[in-house]
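The values are calculated or read from the model by the stated rules, or taken from the named source; none is laboratory data. These numbers were taken from a predicted model, which means no experiment stands behind them. Glycine gets a Cβ as well: all are built from the backbone with ideal geometry, and neighbour counts include every protein chain shown.
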Amino acid sequence: MSALDDLGRLSSAEDFFSYLGVAFDPAVVRVSRLHIMRRMGQYLKGLELDGAFAGKSDDEVRALCAEHLALAYQDFVESSPIQERLFKVHKDAVAPKTEEPKPNNAFVPLSSLTVV
């Protein structure tokens, strides 16, 4: 089984930190776990696209993953999930608001209605 297969079987952020031997503050992980893991995924996807895993041993792959988990973790030690804006909801929160067209509903006062 390869290191990447092992990572695919892990279920929590803490499992990733333990498996890869990266020290962490539980308080930071508690607040930013999804963001850290997403950022690590972005870093690793870039490596994968660049072919950085090709021909590497499991130990080398594990070391690359540990390095990028540590980088992702450090991003959130120095910043916050809101500042990093990895998820759409955070990006949308600061996007310029466009004015939506108002519906063309004419107001009909109740006093204008008649009984026939």
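Things to note:
- Of all residues in segment 3-17, those satisfying the criterion of being surrounded by fewer than 18 Cβ atoms within 10 Å (Cβ to Cβ) and touching a Phe, Trp or Tyr at 6+ places or on another chain (Cβ under 9 Å) are Leu4, Asp6, Leu10, Glu14.
- Unique match (being of a type in the set (Phe, Trp, Tyr), part of a helix (DSSP H, G or I) and farther than 15 Å from Phe16 by Cα) among Phe76, Phe53: Phe76
- Candidates Phe87, Phe76 - the one that is under 18 Å from the mean Cα position of the chain (by Cα), at pLDDT below 80, among the aromatic types (Phe, Trp, Tyr) and more than 16 Å from Leu7 (Cα to Cα): Phe87
- Applying the criterion of being of a type in the set (Phe, Trp, Tyr) and either at pLDDT below 90 or not in a helix (DSSP H, G or I) (or both) to the residues of segment 8-50, the residue that is farthest from Ala70 (Cα to Cα) is Tyr43.
- Test result for Asp5, at pLDDT 90 or above, assigned to a helix (DSSP H, G or I) and farther than 25 Å from Pro81 by Cα: no
- First in segment 29-44 and among the basic types (Lys, Arg), second anywhere and at pLDDT 90 or above and crowded, with 18+ Cβ neighbours inside 10 Å, Cβ under 7 Å, 6 or more apart: Arg33/Ala13; Arg39/Ala72
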